[in-house]
Amino acid sequence: MHATQFQPSGKLQRIIGITGGIGMGKTTISNYLQTNYQLPVLDADLYAREAVEPGSQVLAKLVERYGSSILLPDGTLNRSRMGDIVFHSPAERCWLEQQIHPYVRERIESELQACVQQNRPVVVLVVPLLFEARMTDLVSEIWVVHTSNQQQIERLQQRDQLKLEQIRARIGSQMPIEKKLEQADVILDNSSTLEALFAQVDHALLHPKSRQHPLPTDRRR
C-alpha cells in the first residue's frame with residue numbers, strides 16, 4: 001500500500017508512477033505517453049540534474065566532500081566520475097541521495113500543483129528510484145517495466161557505452177526488479193518489440209485496473 005501524504009490542492013484523477021530497472025524502457029514509455037496522448041510527464045532524472053547544476057547548494061556539497069576532481073572544465077558535474085564513486089559505495093550513494101532526493105520531491109510536488117492549475121487530470125511521473133526514495137505516496141498507481149537481465153545489459157552497453165563491471169554496479173545499486181514487480185499495479189514487459197510494449201501501455205492507460213490506489217491524502221505543514 002502507498003503511504004498517504006501528498007495531495008495536490010485540486011482535481012487529479014490519476015498520477016501514474018513509472019519505474020523499473022535501469023535501461024529497461026521507462027523513458028520509451030513516458031515519451032510514448034507524452035507524444036501519443038499529450039500527457040504531462042514529470043521526470044525525476046531531470047530534476048536530479050537540476051539539483052547539481054553549477055551554483056547549486058548540492059553541487060557545492062559534492063565538491064566539499066569529493067574535491068574539484070568531480071567537476072568538468074566548464075564547472076558542471078562529471079557524472080561518469082561521480083558514478084564511479086557512488087555505484088561502488090552504498091554509503092556514498094546513500095549520502096548523495098540524501099542531498100538530491102528532497103529537491104526532486106519538492107520539484108515534483110510543485111509540478112503536480114501546476115498540472116492541477118492547467119486542468120490536466122492525468123499526470124505521468126517517471127521515477128527510477130520510486131521505491132528506494134520512498135516516493136510511492138506521490139502516485140495513485142505504479143507501472144513497472146521490465147526486461148531480461150541480458151537485454152538490460154545489452155541496452156546499457158549500446159546506450160551508455162559502459163563496461164560490464166560498471167553496468168553490474170549500477171544494476172546492483174537498485175532494488176531487484178523482482179521486488180518492484182511484486183509491488184506493481186501494472187507490469188509492462190519490454191522484452192519483445194516496441195509495438196508489443198506500446199499495446200500494453202495503451203491497455204493500461206485506457207483500461208485502468210480496479211485495484212488502482214486512491215489519490216494520496218493532503219499533506220499539510
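The values are calculated or read from the model by the stated rules, or taken from the named source; none is laboratory data. Just so you know, these numbers come straight off a predicted model, no measurement behind them. Cβ sites come from the backbone with ideal geometry, for glycine too, and all protein chains shown count toward neighbours.
One table, with the values for the structure above:
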{"item": "Residues that are without any contact (Cβ under 8 Å) to a residue 60 or more places away in the chain and among the acidic types (Asp, Glu), drawn from the stretch 107-153", "result": "Glu132"}
{"item": "Every residue from the stretch 78-121 that is touching a strand residue (DSSP E or B) at 6+ places or on another chain (Cβ under 9 Å), under 17 Å from Tyr47 (Cα atoms) and not charged (D, E, K, R)", "result": "Asn78, Ile108, Leu112, Cys115"}
{"item": "Filter result for Val104 (touching a residue at least 40 places away in the same chain (Cβ under 8 Å) and in contact with a Phe, Trp or Tyr (Cβ under 9 Å, 6 or more places away or on another chain))", "result": "yes"}
{"item": "Selection status of Ile142, modelled with pLDDT of 95 or more and either at negative phi or among the β-branched types (Val, Ile, Thr) (or both)", "result": "yes"}
{"item": "Selection count, the stretch 154-180, where residues are surrounded by 14 or more Cβ atoms within 10 Å (Cβ to Cβ) and either in a helix (DSSP H, G or I) or free of Cβ contacts under 8 Å to residues at least 24 places away in the same chain (or both)", "result": "14"}
{"item": "Helices (runs of 4 or more DSSP H) contained entirely in the stretch 39-92, each with at least 2 residues that are modelled with pLDDT of 95 or more and surrounded by 12 or more Cβ atoms within 10 Å (Cβ to Cβ)", "result": "44-51, 57-66"}
{"item": "Residue that is within 27 Å of Glu165 (Cα to Cα) and in contact with a helix residue (DSSP H, G or I) (Cβ under 9 Å, 6 or more places away or on another chain), where the choices are Arg93, Arg105", "result": "Arg93"}
{"item": "Index of the failed condition, Ser140 passing every other in (1) surrounded by 15 or more Cβ atoms within 10 Å (Cβ to Cβ); (2) closer than 20 Å to Met175 by Cα", "result": "(2)"}
